[in-house]
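The values are calculated or read from the model by the stated rules, or taken from the named source; none is laboratory data. Only a predicted model underlies this, so the values are computations on that prediction, with no experimental measurement involved. Methodologically, a virtual Cβ is constructed for each residue, glycine included, from the backbone with ideal geometry; neighbour enumeration extends over all protein chains shown.
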Amino acid sequence: MLGYFTEPYVRITLTIIVLIVIFIILSRNRKTKPKDSLHILKERYENGELTKEEYEDALKRRGK
């Protein structure tokens, strides 16, 4: 009389459910897209880290 949770099929089912929940939680955290160089360049220009000339020069070098 050890209880209901000692049955093998119950432990396997609970393990599968826990693994699915962990997978869902981890996959939601990875949905942020990595920033490309153009996005970083725009952010730096907006924050005042680059002058207009530096920004335009970097755009030309990038081919945009």
Legend entry - Neighbours by Cβ (under 9 Å, 6+ apart or cross-chain): first from the range 34-46, at negative phi and without any contact (Cβ under 8 Å) to a residue 40 or more places away in the chain; second outside any helix (DSSP H, G or I) and β-branched (Val, Ile, Thr): Tyr45/Thr51
Inset, instruction - Considering (1) modelled with pLDDT of 90 or more; (2) loosely packed, with under 11 Cβ neighbours inside 10 Å; (3) assigned to a helix (DSSP H, G or I), say which one Gly48 fails and leave the rest. - result: (3)
Legend entry - Leu19 vs. criteria under 29 Å from the mean Cα position of the chain (by Cα), outside the structural domain of Arg61 (by TED's automatic domain parsing) and modelled with pLDDT of 90 or more: yes
Legend entry - Top-ranked residue in the range 32-45 [being within 17 Å of the chain's Cα centre (by Cα) and of a type in the set (Lys, Arg); ranked as modelled with the lowest pLDDT]: Lys33
